Structure formats: structure tokens, C-alpha cells
Amino acid sequence: MASKTINIKVKVWRQKDSNTKGNFETYELSDISTDSSFLEMMDVMNENLVEEGKDPVAFDHDCREGICGMCSLFINGHAHGPDTLITTCQLHMRKFTDGQTITIEPWRVGSFPVIKDLMVDRTAYEQIMQSGGFVSINTGGVPDANAIPIPKEDSDEAMDAASCIGCGACVATCKNSSAMLFVAAKVSQLALLPQGKIEGAKRAKNMIAKMDELGFGNCSNTGACEMECPKGISLAHIARLNREFLVANVKG
Amino acid sequence: MSVSGLFLIVFLAVHLVANIFLLVSPDAFNISAHFMGTNPIIQIMQPLLGAGFLLHIIYSFIIQLQNWKSRPVKYNKVDQKESSTWASRNMIWLGLVVFGFLTIHVINFFWVVKFGHMEHVIIDGVKMEDSYTLVVSLFTDGVLGYVYSSIYIISFIALGLHLHHALWSAFQTIGFSNDAWRKRLTVVGDIYAIVIAAGFTIIPLYFLLF
Amino acid sequence: MTKLNSKIPEGLIKDKWANYKAHQNLVNPANKRKLDVIIVGTGLAGGAAAASLAELGFKVKNFCYQDSPRRAHSIAAQGGINAAKNYPNDGDTVYRLFYDTIKGGDYRAREANVYRLAEVSNDIIDQATAQGVPFAREYGGLLDNRSFGGALVSRTFYARGQTGQQLLLGAYSALSRQIGLGNVEMYNRTELMDIVIVDGRARGIVTRNLITGKIESHFAHAVVLGTGGYVNTYFLSTNAMGSNGSASWKAYKKGAFFANPSFVQIHPTAIPQHGDFQSKLTLMSESLRNDGRIWVPAKIEDAKAIREGKLHPNDITDENRDFYLERRYPAFGNLVPRDVAARAAKERTDAGFGIESNPTGEGVYLDFKYAIERLGKDVIEARYGNLFQMYEKITDENPYENPMKIFPALHYAMGGTWVDYELQTTIPGLFSIGEANFSDHGANRLGASALMQGLADGYFVLPYTIQNYLAYEINNPRLDPKEHKEFQDAENDVKSHIDKLMNIKGNTTVDTIHKKLGKVMWNKVGMARSEKGLKEAITEIQQIKKDFWSDVKIPGEVNTLNVELEKANRVADFIEIGELMARDALDRNESCGGHFRLEHITEDGEALRRDDKYMYVSAWEYKGENTEPELHKEELKYEAIEVKTRNYKTA
């Protein structure tokens, strides 16, 4: 892999805090290695800003290996930027060309208000999880792990759903700001396992009610969420959520 | 949306079958129209159909408003060319086009048939409305006929696009889908959309060209 | 010298935990409601403890610096979690897991704690399964196991390459349930700034709200730190950007002893560094060593040609490849413990056989060609698909066709706050769990044991042992921080500390200073240490500290979100931690586990322990800003295990 450097312009959303109006600022960066990650490019930008005595651009990030779900940038019209199956921190500068202008925006979702610059508040997700994203058991007193055999296929599909990192890219991408893929990932994971099935109906109902209450939009099945999901979580999980929800309502 | 949508999907098929008799012969169409107008099951279904339309339309406006509200600040740059189909993102607009046509359609046909003045014909000893003439005259009424036919064709292309997303989407919403069924239902949906759009579009073209 | 009381229960090793539980104090349900517990950190240890204590009925306040408890860095653990289930019928027992862990830790861990860890390991697997953690399964529907370094049995449970994520989400779901029920008060984006001591006992903490900058105090009857390790001292590591040692360091400065600070783990398989702008290193799971073979060219001219881009590794024939782990350690081969594998990689690259085209040539190959030939690409993809994908996204090279390039990287801190058998620090009422404490891994941690220890502490150890302390607290009413001088003093100290930082208004950015510290640490307190290098390191770190406090540049304001200030707060502590690490490494004039002193190596280059002099835990006591810390020694006694020289050459 030949490493080279590029010069770019970065058009970034700046917003002091949740009560202030924001605007775009453009910064020029030179000699960015194409081997560096997108966030390393942001680090360079911020180092420049700090050296000029200016406030660096705030953005969420932590593990920088695509698993914590903290990073959340909308880059050139895509959640997590122009590559598939990655988070922002896994995006590399080799995806961009010399002289390009890169537009970086925060997740634009009513239920995820901007805290500062590119940082948004995703506690709405926490509330959804607290409304039912669990199996109601306490520590201790559980049966042996091999007491209940689970078909490998079910377990694997549950794992597909469970790989959700809660980053919010699905909501950010969805034209309706719907949180269905996020909710579906949790509901589907637990619905596929005998441990979670027991309270499956209640879970689906409660989590959907909470999601609606928090002002997320409705799912119109465009499928954009699945395509932008860094973990490739399938729409099939939304279908399962819909099934669970339907059954829950029929049962009353 | 899904349940009313699926109901309307079934209705469209029935309606297309009835309309295709236009291409067979005037009598065939008039018989079918008469059947539609008198058959008790159809009569029962008629108000249900109206309700289905109303439900589908009203509900679509409500959720669309919710959806708009859920993103108060829009993106400066959005690129969804690859992540979703154009039709799926524009269901409300495609629906509105169809709704506009539906309004014209109700005034032109349903209203006339039910409450307006109709010529009558007698086929096999049964007196019935001459629906055939009513339809054909709309398509072939000089310049107005061209305008009407164009609206008609555009509307059915919009409906086709609407259906392109609708069928699988409706099944997905009622939970009848997974990775395998999604592929099948999408194919069925596309075939259905083409059949409906093409089927209805053929009719004005037939009368304009032949 | 203070006598360290490790409070190890009486009896045979296999009876100690049972005896402890049988005789400890408990708190009755009605009193639990009256008792507050603060838990800092929401990883496997903190999250599990917060959920478990809340389920028992205690009122819990839980803190994390991220926007959600689910983001704690436990989530990044890839490979798996050990347990002595013996499901594969390959001869595993609790004793064997205990034995392997002690041996893997090079006989520098406390026997009783490790045995307890092995004992509760099985409960963790049951607990996680009941929570809906989708562990990998066989076609028969039962759980699958894989092998990990340092063991002759397959005892590692896994969920693809995302075991840490799944276990953390399990704990997080239990925690979310308790938050929803109102039993846990959750504080996101809130960082611990200090620990409040009232009458010699930990009574609360001072925090900074990272969004508003607000300094606040919180009271509790006991404080628990589950704040992880401190290897970001090296700047580059596999830890998250925000991972820090500040909570443990504040505890140290308030009187909690800091144990074995020099014991850090260098993980053998991370993606090599590629430039100065690099912000972190990405781990490639140890599980890859199950099927990958590690090699460098056997001929030095081949290595040179590869670095210069004139030769492709696939063009080197098998006889010209040096599978150095298989050559040196025939019994364990590619599955030797991490410290051994890391050092062997360094040995080869130092000798000029490194293959990466970075300035130091630091890189070796991890090759899946042989496994793909043997098992087929599909099997390898099913086992490691997500890791391979991650590798390709970062390096732009396809690991199915080219050997992976890897090199050791800082990964984990075995050292940490000193705790007794009850996981209590030397400050009464202050507990430390998970990676934040020192207790179970000695001088080297085995793969798949961090998840085990974090969850063991959080689910099955602390919820018992903390009650032995809280039972004496039932008559102590809650304190209002606003009315107590100790809280007000602590708040004022924090504010003046922040003001001091903000008023430096120097010219050097926080990251620049942090990178400088990292270089000193990596070169002189890294994989190979010497008396000379360590002494130089201490001097250099002291200079870095001076530079920091006279020249650091922090833009922005105090009472708002200020990322540079957050970083500065942490780096101020990293500098001091780095110095203590060097000091501890200097004191320990032997090689053991991850601590490798060049003065003490065997003829074939292995670590040479000096059990007669150094079979102790070093516990450092803070003595003030400009005074050297005092070393306390907890002698390690091995009664259930015969102390041997580690040998991975023969079984």
C-alpha cells in the first residue's frame, strides 16, 4: 500500500452549545497521510486550532476500533462516511482525494440534541434500553449454561443482532429519524433466545412505546439504516420486531 | 399503513381486471361494470374501500408530519443514492400524485355513475349503464382527451413506483419477512407494480392509438 | 512500615471462599435501602457490581465519563472469557485454571484471590447465558470453546470476536433494568475528580460534569472504583482514547496504596504503528494465534528486501521462514503467554528481522495461509471474519491472501490499587475492582482472563465482601455534602487544581506532552528495562512534569465542555503514574512476566525471576508532593502451588 499525502478542505458544523445557533466553518489541512484514520485527521485539525489558540472541534470518540459506538459523524452525506460496514473511527483518508472538500455534520435527529459542535446527546437510547432491553433476572441462581440447548442458527442470528453498537447511525440516516433498527436489534436478539422469549411481548411493546414517546420517527422501510449500519444489521430483525409487536398487541 | 395498503393492493388487481374488459369489447366492459355496480359483495366492499383509502391517506399524513418533526434541523448534505431507492424515500409524493388522480377519477366516474346522468344500454335483456362510452369519451375527447390520458398515465407510473416499494414494505411491517422472503417479496412487488402500471397505462394508449 | 493486612481467610485454599462467605457480615434487606454505594466506572466490573448491588437493594450511584455505560472499554475485548467448565472433557478443573493463572502471572499474584477467581468463573458463564449473551455454540446446541495462550485445555467461551462487547452488553442490560427501576442513579459524561475522606473513611466523591463543567459532590457509605487500567500512560496503546488512571491516582494520593505499577501487559498481536500522527493501536485478538502461525524471514537480507518493498512475503518459501515461537517453544508453539510472545517478537526485530516499513522495522507476520489450506477459507472466515475485515479496513491489505503484519502493543495493567481479599483498599470504605485493582494477574495476565476477573469481581465477589464493611454502616445516616467541610474542601481543591491548569496558558498542547511521555515510557519502561534506562526515565519524566506545569496550553473555558481540559487533567496524572511505574520497575531488580529487566535473563533469553528477594507485591504509599513514596511489601506465600520456573518449551 503506497502511502501518500493529500490536501483537503474540511467544512465542519460549529455550535457552542445546545442553546446557541450553529454554523459551518471551513478549515484547510495539508499533508494528510492517506494511511491515517479520519479521526486522526480531525486530531491534526484540532492540534492546529489549539496552537492558534482557538477552541478545538468537539466530537465523540473513544475506542477508535469500531466497537464502543461513541463516534458519530455525518460525513459527505453519509453516517460514518463514504465506506460500508465501518464506524467513523475506522474510516481512512484513502477514501478521499486531493483537493476535496469534506462536509462534516452532527447526527441531525430531534431526539439527539447537539451538545457542542459534532457531539450529540444520545441518552434517548438509554431510556429505550431501560424500558425493556433486558432479561429480568438477578445475579446468581441461574441454571447451568448448558441446561438449555439453543440451535446454532438461532444463536448465530441472535449474535448478528447483538452486534449493534448503539451508535445511532441508523437514526441519523433514516429520513424519518426512526430508531427501529436499534430497537429491533435488541428485541430480535432476545426473542431468538429461550432466555429472552419469556418476556418478549412485553419487551417489544414497552420499547416501542418508549421510542414513540421520545419523538423518533416512523419506519417506512426504506432500508437506508441497514446500508449505513456499521455492523450490517439486517432489516429482518425489524420484521421480527414487528411480529413480536403484533403478537403482543393481539395478546393484549 | 401496511394493512390498508395491502387491502388497496388487492383492490387494484380487481379494478385492473374489470378495466381490461375495455379492451375486449364494449359489452364485456359494461357487463363487468354492471356486475361491479350490483354485486352485493362488491356493494359491501365499496364503503370499506373508501374507508381503506381514507385510512391510508389520513394515516400517511399523520406519520409524515411526525417524521418531519423528528428532524427539526436538516442536513446540509445527504447522499442516499446507494442506500435506498428513490421511490421508498418519496412515497408521500408518489402517493399525493395518486391521490390527486383519485380525486379526478372519483368526480369523473364514481360520482357520475352513482349520482349523475348516465346513458343506458341493454345487453342480453338487462338494462345497464353505458360505462364504456363514458370511459372512452374521456380518453378521446380531443385535446382534453390527451390531457386526461397524460394525467392518467403519469399517475399510474407514480402508482407503479409507489407499489414498487409498497408490497414488500407492507409485508415487512406486519412482520412477514426475513432475509429470504425479502428477496422474494421484492420480486413479486416489482412484477405486481409493473403489471398494474402497465395494465392501466395500456388502456388510454389503446384508445388514443387505435 | 504499615503492616499490610490482606485478610486471607483461614483454611485450605479450596475452602477459603466458602469459609469467608459462611462467616462474613451481611446487611438485612430493610437496612440495604438506607445504604448508598458509589460505583465509578461502568465496564464489566463496575457495571456488573452496580447492577448486582442494586438488585440486592442498595441505593447505587454509578458514574462514567462516556455518554453511556455501554461504551466502557471492556467492550473492545475480542477473544473470550475463561471458565473451568470442562465442557470439552479435556481435563480442566478449578485447580487447573487457578494453577495456569498463577503460573501465567509468573508467581506474583495472591494465591487465595486467584483460587476464588477460578471458583466463580463458571457462575459467570451461567449468568451471562441467562442474560441472553449469544456465546458461540456447536450444532448440538451446546456452548463451544476455543484455546487461548498459556493453557493446555480449551476453556475459553466466546461470542465471535466480540466477547467483551457481548458480556458488557449483558451487564449493561442488567444495569439498565436497575436504572429503569430507580435503584441506580446514572451519571453519564461525568468524571471523578477526587475522593472524599471523612474520619479516615471514604465517604464520597467530587465529580465534574463534562458538559457544563459543574463541580459536584456525592455522598455514599462506600465508594467502589471500577475505572480500569492506566496503560494510556504510554500514549499509544490498545486502550480507548479516554481510558485513564486518574481515579486510581486520586485514591493513591488520598492514601490508597498503589501495587505493582510496573506490571503492564504488552500484547503481542496489534497492528503495527504507521506514523507519528497515530492516535491509538488496534488489537488483533489473541484467538488468532489458534490458527495463525507467526514468522519472520529466516534470512536477514529477505527481511531487508521486504521492508524496502522489493520482496513479497508470499514469495518466501517455508524453509526460509523462521516460525520462531514454534522453534523456541515446541510445547506451546504459537500459544505461549502474551509476555513471552511479545518479547520473542521484539527479540527478532531487534536482531534486524522485522518486516514493517516503519522507521524501527517493528513488525512480524501472522500467517493464515496454512490454516486456510488445512480448513478452507470458509472456516477461517466464520471464526475470524470480523477481525479480518477490521484489519483490511485499517491496512488496506487482504489478510486472506497476505500474512497479517503485527507487533506488540501496550494493552493492560496488571498493577493497580492495592486491595485485600475483600477488594478493599488501604482506605476503609474504598474498594477497587476489575483492572483497577492489582490482585489476580501477577506479573502477566493470560488471555481471556480480564473479562473473567472483571465480572467475577462485579457479580460474585464485591457484592459479598462489601457487605462485610457496610454491615457496620447501618447506623450512619446519609451526609449532606453541602454541610460538611470535608466535601467543601475537596471541591475547592478540585476547583483550584483546574484553575491552576487553566492559568498556565503556555505554548505546548496536551497531546504533544503526552506523546513525549509515551516515548520515554515505551523506550525505557517498556518491553526491556534496565537500571540505567529506568533512572534516566525518572529524570526525564520529572522534566516532562515541569514542562507540563509551566507550558501546557489549554484553550477554552472551565464552565463548559472542554476536551483539552479533560485531557490535561488525565495527562497530569499519567505523568505521575509514569514516574511511579519507573520507580517500581527500578526497585524490582528481577525479571518476571511482563517486567523484563535486561540484567536478569537466562542463557536462552528468558525472564529470570529472583524469588528469594522479590516474591512480594510492591505497594507504594504516597508521601506528599515532593517526597519519595514509601514501599510496602506484601510477601506472597504459595501453599497450594509449587513455585517453578515457567516453562513453555515442554508440557
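The values are calculated or read from the model by the stated rules, or taken from the named source; none is laboratory data. The model shown is predicted, which means the values in this text are computed figures rather than measured ones. For neighbour counting, all protein chains shown are included, and Cβ atoms are generated from backbone atoms with ideal geometry for every residue, glycine included. Keep in mind that these areas ignore ligands, DNA and RNA; they rest on the heavy atoms of the full protein, side chains included. Shrake-Rupley method; radii C 1.70, N 1.55, O 1.52, S 1.80 Å.
For this structure, a couple of remarks:
- Eigenvalues of the alpha-carbon gyration tensor of segment B:126-171, scaled by 5 and square-rooted, set the equivalent ellipsoid semi-axes at 30, 18, 4 angstrom, largest first.
- Between residue A:202 and residue B:41, the simple spin-label model (points 7 angstrom out along Cα→Cβ) gives 4.5 nm.
- Antiparallel bridge percentage (DSSP; both residues within the protein assembly as shown; nearest 5): 75 percent
- Accessible surface of segment A:1-69, 1.4 Å probe, proportion on carbon and sulfur as whole %: 42 percent
- Here the scattering of chain C is modelled by Debye summation over its C-alpha atoms, one equal scatterer each and no solvent; at q = 0.08 Å⁻¹ the log10 of I(q)/I(0) is -0.55.
- Alpha-carbon Rg/Rh ratio, for segment C:241-284, with Rh computed the Kirkwood way: 1.11
- C-alpha long axis of helix A:152-162 to longest principal axis of chain A, angle in °: 40 degrees
- Simple spin-label estimate for residue B:10 and residue C:603 in nanometres, 7 Å along Cα-Cβ: 8.9 nm
- Looking at chain C, the DSSP beta bridges with both ends there are about 70 percent antiparallel.
- Neighbourhood charge, 13 Å Cβ-Cβ cut-off, centred on residue C:634 and excluding it, Lys, Arg +1 and Asp, Glu -1: +2
- Per-residue SASA remark: residue B:150, around 60 Å² accessible (1.4 Å probe; ligands, DNA and RNA not included).
- Taking segment C:581-625 and a reference point 7 angstrom along Cα→Cβ of residue C:535, the backbone N atoms nearer than 14 Å belong to C:583, C:586-587.
- Span from the segment C:84-147 Cα centroid across to the segment B:145-196 one, whole angstrom: 54 Å
- A Förster distance of 35 Å, applied to the separation of the beta-carbon atoms of residue B:102 and residue A:97, puts the FRET efficiency at 0.15.
- Rounded to 0.05, the FRET efficiency of the residue B:18 and residue B:61 pair, given R0 = 22 Å and the Cβ-Cβ distance, is 0.15.
- Once the 1.4 Å probe is applied to the protein heavy atoms, chain C comes out at 33 Å² accessible per residue.
- Annotation for segment C:501-564 versus segment B:23-98: alpha-carbon center distance of 65 Å.
- Accessible area ranking (1.4 Å probe, heavy atoms, ligands and nucleic acids excluded), largest first, for C:324, C:20: C:20, C:324.
- Protein accessible area in chain B, 1.4 Å probe - carbon and sulfur %: 75 percent
- Segment C:452-487-segment C:227-268 distance, computed between alpha-carbon centres (Å): 23 Å
- Charged neighbours of residue B:34, selected by a Cβ distance under 12 Å, balance to -3 (K, R count +1; D, E count -1).
- Rounded to the nearest 10 degrees, the angle from helix C:563-587 to the longest Cα principal axis of chain C is 70 degrees.
- Bridges between two residues of segment C:23-164, per DSSP, are antiparallel at a rate of about 45%.
- Here segment C:525-651 is assigned +1 on the Cβ of each Lys and Arg and -1 on the Cβ of each Asp and Glu. Its dipole about the Cα centre then comes out at about 300 debye.
- Calculated mean residue ellipticity, 222 nm, chain C: -11000 deg cm²/dmol, from DSSP H runs (n ≥ 4) at -39500 (n - 2.57) each, averaged per residue and rounded to 500.
- Inter-label distance, residue C:185 to residue B:74: 4.4 nm, where each label sits 7 Å from its Cα along the C-beta direction.
- Whole-Å semi-axes of the ellipsoid equivalent to segment B:115-210 (Cα gyration tensor, √5λ, descending): 36, 18, 11
- Computed over segment A:5-115, Kirkwood Rh from alpha-carbon pairs, angstrom: 14.4 Å
- In the B-A interface, the accessible area buried, summed over both sides, Å² (probe 1.4 Å): 2800 Å²
- Convex hull of alpha carbon positions in chain B: directionally averaged projected area 14.5 nm².
- At least 10 Å² accessible surface lost relative to isolated chain, residues of segment A:217-233 (1.4 Å probe): A:217, A:218, A:220, A:221, A:222, A:224, A:226, A:227, A:228
- Accessible surface buried upon C-A contact (total; probe 1.4 Å; Å², nearest 100): 6400 Å²
- Size descriptors for chain A (Cα atoms only): Rg and Dmax, in that order, 20.4, 63 Å.
- Computed extension length for residue C:613-residue C:299: 108.9 nm, one decimal, from 0.36 nm per residue of separation with the Cα-Cα distance subtracted.
- Interface burial in segment C:29-73, defined as at least 40 Å² less accessible area with all protein chains than with the chain alone at a 1.4 Å probe, covers C:55, C:67, C:70, C:71.
- Cα pair distances of the protein assembly as shown binned at 20 Å [whole percent]: 12, 39, 31, 12, 5, 1
- Cα radius of gyration and Dmax for segment C:267-409 (Å): 14.0, 40
- Accessible-area composition of chain C, carbon plus sulfur, in percent [1.4 Å probe]: 48 percent
- Neighbourhood net charge (12 Å Cβ-Cβ; Lys/Arg +1, Asp/Glu -1) for residue C:6: +1
- Residues in segment B:172-187 occluded by at least 50 Å² - accessible area, probe radius 1.4 Å, against chain by itself: B:172, B:175, B:182
- Eligible lysines near residue C:393 by straight Cα distance, threshold 22 Å, same-chain separation 8 or greater: A:4, A:95, A:231, C:280, C:369, C:377, C:405
- log10 of Debye I(q)/I(0), alpha-carbon scatterers only, for segment C:485-615 at 0.09, 0.10, 0.18 Å⁻¹: -0.37, -0.44, -0.92
- Accessible surface ranking that places the most exposed of C:27, B:78, B:121 first, with a 1.4 angstrom probe: B:78, B:121, C:27
- Using only the C-alpha atoms, the convex hull of segment C:7-117 corresponds to 166 Å³ per residue.
- Per residue solvent-accessible surface (Å²) - segment A:5-115, probe of 1.4 Å: 33 Å²
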